[in-house]
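Here is the structure we will look at, set down as structure tokens.
Each value in this text was obtained by applying a stated rule to the coordinates, not by laboratory testing. Source: prediction; values computed, not measured. When we count neighbours, we look across all protein chains shown, and the Cβ atoms used for this are built from the backbone with ideal geometry, even at glycine.
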Amino acid sequence: RQIVLATHNPHKIEEFQAIVAATRPDLEVVGYDGPEPVEDGVTFAENALIKARAAAAHTGLPALADDSGICVDVLGGAPGVFSAYWAGHAKDAAANLNLLLDQLSDIGDPHRAARFVSTIALVVPEAASGAGAAEAEHVVEGVWPGRLATAASGGGGFGYDPVFIPDGQQPGAERTVGEWTAEEKNAASHRSRAFAELAPLLAGL
Ligand code: ITT
């Protein structure tokens, strides 16, 4: 059974393929190369639905889309939905991350709380949902709490991973997600937490 993932971010494809394979090896997550809709929503949920609807309409397959970002408490939740473009229009991950570190340069450790958020939309077009069944839409969210490091470290993952220190690590041995393996990240991340919420909704597929 194929399910299309509406993203142009190859890291998201890799992560979803690993996360889905762990519990639903019968589902094949395929990429989407159709027309890209304008992501003009103001919430993660709106943007995820915009992307999933476009892919479902174009392919006729059940479609997933992830809209995600990092939310920093002391910045009132920013960059949030603007995470991919925080330092400008180029989606330059290094520039985004450096700008965020600069913005928090005067902020001490106890006040550097942040969280990764992944919002996943699932759109099942009528043709794919079985005889007589209506189109279905679902939105789920996963949150991964932690704090921002004061400098980037590690070459793993993507985006803000080198500056995000997840909660729950052994004091003194804390690492940024950039220093985690892909397996460690996929077992704990905001994306896998959102997928855990989604799994029951995929039961019929
Ligand atoms: P698509 O819209 O094509 O899926 P995108 O990367 O532009 O790709 P978003 O609009 O959802 O996706 O932006 C998400 C941004 O949030 C992403 O570019 C990173 O900067 C950040 N982000 C999200 N998840 C992340 C993760 O697991 N690790 C590090 N940064 C992440």
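What number do you get for the stretch 1-81 when its Cα radius of gyration is normalised by 2.2 N^0.38 Å, N = residues?
1.18
To the nearest 20 Debye, how big is the dipole of the stretch 26-82 about its Cα centre, given +1 on the beta carbon of each Lys and Arg and -1 on that of each Asp and Glu?
120 debye
For the chain, what Kirkwood radius comes out of the mean inverse Cα-Cα distance, in Å?
In the chain this quantity evaluates to 17.5 Å.
Hey, any idea what the orientation-averaged projected area of the convex hull of the stretch 139-198's Cα atoms comes to, in nm²?
4.2 nm²
Under a Cβ-Cβ cut-off of 14 Å, what is the net charge of the residues other than Tyr85 that fall near it, where Lys and Arg count +1 and Asp and Glu count -1?
-3
Net charge near Pro37: determine it from the other residues with C-beta under 14 Å of the C-beta of Pro37, scoring Lys and Arg +1 and Asp and Glu -1.
-4
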